[in-house]
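Each value in this text was obtained by applying a stated rule to the coordinates, not by laboratory testing. No experiment lies behind these values; they were computed from the predicted model shown. Glycine gets a Cβ as well: all are built from the backbone with ideal geometry, and neighbour counts include every protein chain shown.
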Amino acid sequence: MEALLNDFGNRDGFDSDAARQALNEALEGVDTTDGIPREVLAEMMCAGLGCTGTNPEDQIEELYGLGITVGTRPHDGTQSDMVDAFDPDGSATNGHLVAFFSRVEEILGGNGGNGGNGGNGGNGNVNTTPPTLSLTGPSSDVAEDSGIASFTVSLSHRTTQPVTVTVETVDGTARAGSDYNRIYGRVTIPANSLGVYVTPTVIDDARDEPDETFSLRISNPSGATLGSPTEATATIVDNDIPTNPTAPSNLELTCTASGGAFTLTATWDPPTQPPSATGYQTIFGDRAYSWDTSGWQSSPTLQYGETNTGARVSAPSAGDYWVFVTPFRLGGGQEGKAHTQCLPSVSLDATTFTVGESASVAISATLDMAPAGTASVRFSTTGAIDGAGSCSAGADYYVSGTEFRFTNTTSASVTLTACDDTDPDDETVTLVLTTTGINGLELGSPTTAVVTINDDDTAHTGDSWGL
């Protein structure tokens, strides 16, 4: 035992003086006729290594975790089956290698202990090889809004000394500073640990872009050697909707309004083969890769090969809508996505009106559904002379405003007022709804109305002038 302590005395990580003192104190009153009990050996080794356990059982368990078996540990790993019997070659009689003699070098370094249970020296099964480092990337693709990409730097086995290594991110199609935050520096794997996580931050930008990749690389280790692999890749999955979407040629999405409700219909046109089901993913808002079925009546399945019936779902309100066919459900088929808008349709209530001079007439427009908030449509007028807000000199009429405006309602109107002029002829005004400046609506039918202004002046003849 003294030879063992002397041998470890000049090794980093082992305090032989503390171990010797602990051994002497632990042996007081102990009968060593049949050998030193493993509890005493555990107390000695823990004093030298600085274990945290205070009772023998905890110390034995802690040492085993460090690769040192005090006595021996059987194959089934149970504490109660530990034995103290050894063969002359230093192995346990149950066939388990005695880690107290064979693995302590792996923990402390050096060329072999010269103490054995029976006093036999040598380096036996000592592992003097430094641990090797390897790197693994994220277990799955990283969503752009997930926050981090997690890489793992691992050691092949524990060591009592800290291990340091340089880590550096490397651009792929993803760029540091715009798609993720660059990392460069040294990381430390603490003593008696098997690895650390390195977590570059992923940037959630607003750009629509393909999925992108970047890598992490390890180099220049201290306290270990490089194994394989030394570089790992992360894939960032984009989550942004294209600003100007283009639907694939074989996937169509349309929206129709009827009975105060919108209906979205998705179809394959032409049919896509092979015939296999895929999820019908309906997205609205500004996130292209998340499920959101709140407010929907159903979530049907869109089958490949459907052209006429397709899959239908009721839209909860006006707005932009998408249909996505996600790759993981296609079974090798292509990804599909299409975009459309569900907008209330606006039309005029009537197409002909008659009004006398100095009188007014209301012209109304109606939506087939109430908008979410405020929507509007402009109109233009031609024909008679517009007084632009009043019956100014020479004016035939004026209109109250330049647009129909709807705020959480389906009806709006403007007023046309006919001016009392001296012209004896009737006039006509044509009002037309326009797409210029239309907001949150689409044009229905009809969009044109004609207003006839009946003149109230008497035409002058020759006799009336005394000619």
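Computed values, structure above
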{"read-out": "Linear extension gain, A388 paired with T173, 0.36 nm per residue minus alpha-carbon span", "value": "71.6 nm"}
{"read-out": "Calculated FRET value between T409 and T430, using beta carbons and R₀ = 30 Å, to 0.05", "value": "0.70"}
{"read-out": "Cα gyration tensor, the range 345-454 - rounded (a/c under 1.5), prolate or oblate", "value": "prolate"}
{"read-out": "Full-extension gain in nm, N454 to D349, via 0.36 nm per residue minus C-alpha separation", "value": "35.7 nm"}
{"read-out": "Alpha-carbon centroid distance for the pair the range 172-189 / the range 129-170, whole angstrom", "value": "13"}
{"read-out": "Vicinal HN-Hα couplings computed from phi for the range 130-143 (Karplus, 6.51 cos²θ - 1.76 cosθ + 1.60; Hz; Gly/Pro x)", "value": "x, x, 10, 9, 9, 10, 10, x, x, 6, 8, 4, 9, 5"}
{"read-out": "Using a Förster distance of 41 Å, the FRET efficiency for T132-A206 (Cβ separation, nearest 0.05)", "value": "0.45"}
{"read-out": "Mean Cβ neighbour count within 10 Å, used as a protection proxy, ranking 186-193, 51-58, 449-456 highest first", "value": "449-456, 186-193, 51-58"}
{"read-out": "³J(HN,Hα), Karplus 6.51/-1.76/1.60, whole Hz, each residue of the range 174-190, x for Gly, Pro", "value": "7, 10, 4, x, 10, 10, 7, 8, 5, 10, 8, x, 9, 10, 10, 9, x"}
